[in-house]
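Nothing in this text is a laboratory measurement; each read-out follows from the coordinates by a stated rule. No experiment lies behind these values; they were computed from the predicted model shown. Glycine also receives a Cβ, built like all others from the backbone with ideal geometry; neighbour counts cover every protein chain displayed.
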Amino acid sequence: MTGTHRTGLRVKDLMTAPVAVADPGTRVRDALELLRRHQIRHLPVVSDGRLEGFLSENDIRETLGFQADDWQVRERLDWAVFRVMNEDAPRVDPELSVADAIQVFLTTKTSAVPVVEHASGELVGILSTVDILRAAKARF
């Protein structure tokens with residue numbers, strides 16, 4: 001980041017890569033384990049290198065339900081993540097300015113977005129509010 005003018009910062013300069021991913025057939029319980037093991041809150045769902053959806057801790061929490069019976073929770077833990085992932089999650093291009101990416105966060109009220117190459121549709125990373133805060137902290 002040294003020597004980079006603020007307006008020149010791009011998503012690719014701050015994003016986290018490589019990232020842990022799940023495939024659409026991954027069970028919810030296994031996705032939870034990936035989240036815990038990697039100490040993350042968001043998991044891209046990828047098939048053949050292309051982003052199919054985005055799964056968050058909140059998506060899983062909502063799926064399991066606060067009032068669900070034990071048997072319902074056990075059953076839902078065995079669901080494939082494609083049943084609970086967000087297929088319409090916002091995504092950003094690695095060449096997008098960080099300022100524009102921040103606007104995506106503010107507009108969509110999300111805390112992480114997958115970074116996807118526009119031309120190929122390939123997942124190349126994740127940008128989170130934590131990534132942006134780390135960069136801001138480094139400047140102070």
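Some notes on this structure:
- Restricting segment 1-101 to GluC sites (Glu not before Pro) that sit in a DSSP loop and have at most 15 other Cβ atoms within 10 Å of their own Cβ leaves E87, E95.
- Fraction of antiparallel bridges per DSSP, the chain only, in percent to nearest 5: 90 percent
- For the chain, averaging the sequence separation of C-alpha pairs within contact (under 8 Å, six or more residues apart) and dividing by the residue count gives a relative contact order of 30 percent.
- Those trypsin sites (Lys or Arg not before Pro) in segment 48-140 that DSSP places in a loop and that have at most 10 other beta carbons within 10 Å: K109
- For segment 6-139, the spread of Cα coordinates along the three principal axes comes to 52, 31, 26 Å, biggest extent given first.
- Listed values for segment 111-128 are Karplus-derived 3J(HN,Hα) couplings in whole Hz (6.51 cos²θ - 1.76 cosθ + 1.60, θ = phi - 60°), namely 10, 7, 9, x, 9, 10, 4, 4, 5, 9, x, 7, 6, 10, x, 9, 10, 10, and x replaces Gly and Pro.
- The GNM of the chain, with springs linking C-alpha atoms under 10 angstrom apart, assigns the highest mean-square fluctuation among A80, A20, A119 to A119.
- The angle between the Cα long axis of helix 28-38 and the main principal axis of the chain comes to about 40°, on a 0 to 90 degree scale.
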